[in-house]
Amino acid sequence: MTTAQKIKGFTFDNESFNNNQAQVEFTGTVAVRKPIAALVAAQTGTLTTRTDSDTGVATLSTGHGIVNGKVDVYFAAGVRYGMDATVSTNEITIDGGAGDNLPTEDDPVTVVIPTAVEVNFDGDTLEIIGIFYRNTSDTGAKAHLSLTDAGNAIIKEQDLVHETANGGLDAVWNIEAGDTNVFTGNRITAGSVSHDSTSAATLYILAGITS
């Protein structure tokens, strides 16, 4: 067994994660570093129609870049992820998904196509895992991660904020020390991440596993 002080040189301002690693034994690591591109201003618009808590129309500006498919929608109170988007010029019909209820009609919303995350591990083998979002140019930004199995079922989803913001270092699970393993079930084979920022950022997933 290997007692780790760090994972592949990644370090974070998180004493809980760094100190716990020194006490956790594992035989393998998962280390993911995924850049998240900056959004364009045209992706932020208005919820011009609110049919119900998970259906509406977002009106954006020319150059938004949204196409038919899955989107995450950000607003002041949170994010609704995995919504179906149907595009008609600058009007984006959004439906379904999960997460927070859509805001009040005419409130600002940001519509985002999630970025694929290449990841593959069996959550049942985790000893410790930390998930971090780093956006030094926009420390008030929000992000969202979904981890899925081969059938695209969500194993774990997580709202994230910049690592130095309030709650930014909360996504750490020391399973060996007694934290509940919320990543169990089918093998995690893919992920998707998004954020609401016009500044580029980075997602980190760092884990110790026992094979």
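The values are calculated or read from the model by the stated rules, or taken from the named source; none is laboratory data. Note that the coordinates shown come from a computational prediction; the quantities given were computed from them, not determined experimentally. Please note: Cβ atoms are built from the backbone with ideal geometry, for glycine as well, and neighbour counts cover all protein chains shown.
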Test result for Asp179, modelled with pLDDT of 95 or more and more than 19 Å from Val79 (Cβ to Cβ): no
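Each row is one residue, and each column tells you yes or no for (1) closer than 15 Å to Asp107 by Cβ; (2) aliphatic (A, V, I, L, M); (3) in contact with a Pro (Cβ under 6 Å, 6 or more places away or on another chain).
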residue: Thr49; (1), (2), (3): yes, no, no
residue: Val57; (1), (2), (3): yes, yes, no
residue: Ser61; (1), (2), (3): no, no, no
residue: Lys70; (1), (2), (3): no, no, no
residue: Val79; (1), (2), (3): yes, yes, no
residue: Gly82; (1), (2), (3): no, no, no
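Could you tell me whether Val109 is modelled with pLDDT of 95 or more, in a strand (DSSP E or B) and either surrounded by fewer than 17 Cβ atoms within 10 Å (Cβ to Cβ) or over 17 Å from the mean Cα position of the chain (by Cα) (or both)? Explain how you work it out, then say what you get.
Numbers: modelled with pLDDT of 95 or more: yes; in a strand (DSSP E or B): yes; either surrounded by fewer than 17 Cβ atoms within 10 Å (Cβ to Cβ) or over 17 Å from the mean Cα position of the chain (by Cα) (or both): yes.
So Val109 passes the test.
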Residue in segment 75-84 that is without any contact (Cβ under 8 Å) to a residue 40 or more places away in the chain and more than 17 Å from the chain's Cα centre (by Cα) present: yes
Selection count where residues are surrounded by 17 or more Cβ atoms within 10 Å (Cβ to Cβ) and of a type in the set (Ser, Thr, Tyr), scope segment 68-106: 3
Answer residue from segment 112-130, given it is within 19 Å of Ala171 (Cβ to Cβ) and aliphatic (A, V, I, L, M) and is modelled with the lowest pLDDT among those: Ile128
Residues located in segment 20-77, provided they are modelled with pLDDT of 95 or more, assigned to a loop (DSSP other than H, G, I, E, B) and under 30 Å from Asp179 (Cβ atoms): Ala77
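Quick check on my filter: what residues within segment 119-150 are part of a loop (DSSP other than H, G, I, E, B) and farther than 22 Å from Arg80 by Cβ?
Narrowing segment 119-150 to residues part of a loop (DSSP other than H, G, I, E, B): 119-120, 122, 135-141, 149-150.
Within segment 119-150, Val119, Asn120, Asp122, Thr136, Ser137, Thr139, Ala150 qualify.
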